[in-house]
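The values are calculated or read from the model by the stated rules, or taken from the named source; none is laboratory data. For clarity, every value in this text was computed on a predicted model and none was experimentally measured. Neighbour counts run over all protein chains shown; Cβ positions are idealised from the backbone, glycine included.
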């Protein structure tokens, strides 16, 4: 591949998990990588592997993000691929969460994703105009398809990211920019480890949502399942990263295929998405007569 055609990646949340794995996979193929995190000192391994790194908080104001993206684009003269991986999970019921806790998770997971897309769009458009293959990937989740007690806020952010991505895909496709919502199932990273900073518990807990306070409440069951699942998730983040880079560059398993607007990863997410789709068709059919009965008579 000619140097002028080498993909240049801009990755948020690259200090761990999917962001880190995608960065390493891209570097292994000879791609250029600009890896970011709130504290770039945590990106030493990626620096050693050849990545450029920078501090970046996705919740920063427009001017700050604009300056960051301008600097990132100047490093290699272009940005062709973006992976917005920054995000975390808020563990707690809707009643337990404070307004500030809810704002913070939406600010990072949803508004941060939108802010990165807004800041990077001109550079992706410029790269596409120069003949580069370009792609923007946002991170949805298995939680883009379903929601549960104690994680309703997290899942709602992932529904929102997927909805945002669908709209972005329509807005950016005329410029030759592909947009994709990456939706992985439970993947073996440190995401569910409380000390990682990616699993944040609400400051307030209520006995009525605990196993002891209200029998086996679903919220207690979900909390217990996350604890038991941590470190035992069925999906491999390295394999996921390999597929993600293949898909966004249309190589390997994606050779000759268009980039999908939604990419489900993992048998668990596939089965969840399938059931959610079948259930939706079921209740649509059951309520069809009522649904279509409300139009004007003329």
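Observations, loosely collected:
- Residue-level check: of (1) out of contact with any strand residue (DSSP E or B) (no Cβ under 9 Å at 6 or more places or on another chain); (2) without any contact (Cβ under 8 Å) to a residue 24 or more places away in the chain; (3) in a helix (DSSP H, G or I), residue 147 misses just (3).
- Residue in the stretch 196-205 that is out of contact with any helix residue (DSSP H, G or I) (no Cβ under 9 Å at 6 or more places or on another chain), outside any helix (DSSP H, G or I) and surrounded by 14 or more Cβ atoms within 10 Å (Cβ to Cβ) present: yes
- Any hit, the stretch 239-248, residues being touching a helix residue (DSSP H, G or I) at 6+ places or on another chain (Cβ under 6 Å), modelled with pLDDT of 95 or more, within 30 Å of residue 172 (Cβ to Cβ) and not in a helix (DSSP H, G or I): no
- Flag for residue 146 being closer than 26 Å to residue 270 by Cα and surrounded by 24 or more Cβ atoms within 10 Å (Cβ to Cβ): no
- For residue 79, the stated conditions hold: it is assigned to a loop (DSSP other than H, G, I, E, B), touching a strand residue (DSSP E or B) at 6+ places or on another chain (Cβ under 9 Å) and crowded, with 19+ Cβ neighbours inside 10 Å.
- Count of residues meeting criterion [more than 19 Å from the chain's Cα centre (by Cα) and either assigned to a loop (DSSP other than H, G, I, E, B) or more than 23 Å from residue 110 (Cα to Cα) (or both)] in the stretch 9-52: 19
- Of all the numbered requirements in (1) in contact with a strand residue (DSSP E or B) (Cβ under 7 Å, 6 or more places away or on another chain); (2) outside any helix (DSSP H, G or I); (3) within 30 Å of residue 79 (Cα to Cα); (4) free of Cβ contacts under 8 Å to residues at least 60 places away in the same chain, residue 260 misses one, and that requirement is (4).
- The one condition in (1) surrounded by fewer than 16 Cβ atoms within 10 Å (Cβ to Cβ); (2) touching a residue at least 60 places away in the same chain (Cβ under 8 Å); (3) assigned to a helix (DSSP H, G or I) that residue 170 fails to fulfil: (2)
- Only listed residue being in a loop (DSSP other than H, G, I, E, B) and more than 24 Å from residue 135 (Cβ to Cβ), chosen from 59, 93, 64: 93
- Matching entry among 190, 92 (being buried (at least 23 other Cβ atoms within 10 Å of the Cβ) and more than 12 Å from the chain's Cα centre (by Cα)): 92
- Hey, residue 273 touching a strand residue (DSSP E or B) at 6+ places or on another chain (Cβ under 6 Å), over 19 Å from residue 188 (Cβ atoms) and surrounded by 11 or more Cβ atoms within 10 Å (Cβ to Cβ) or not: yes
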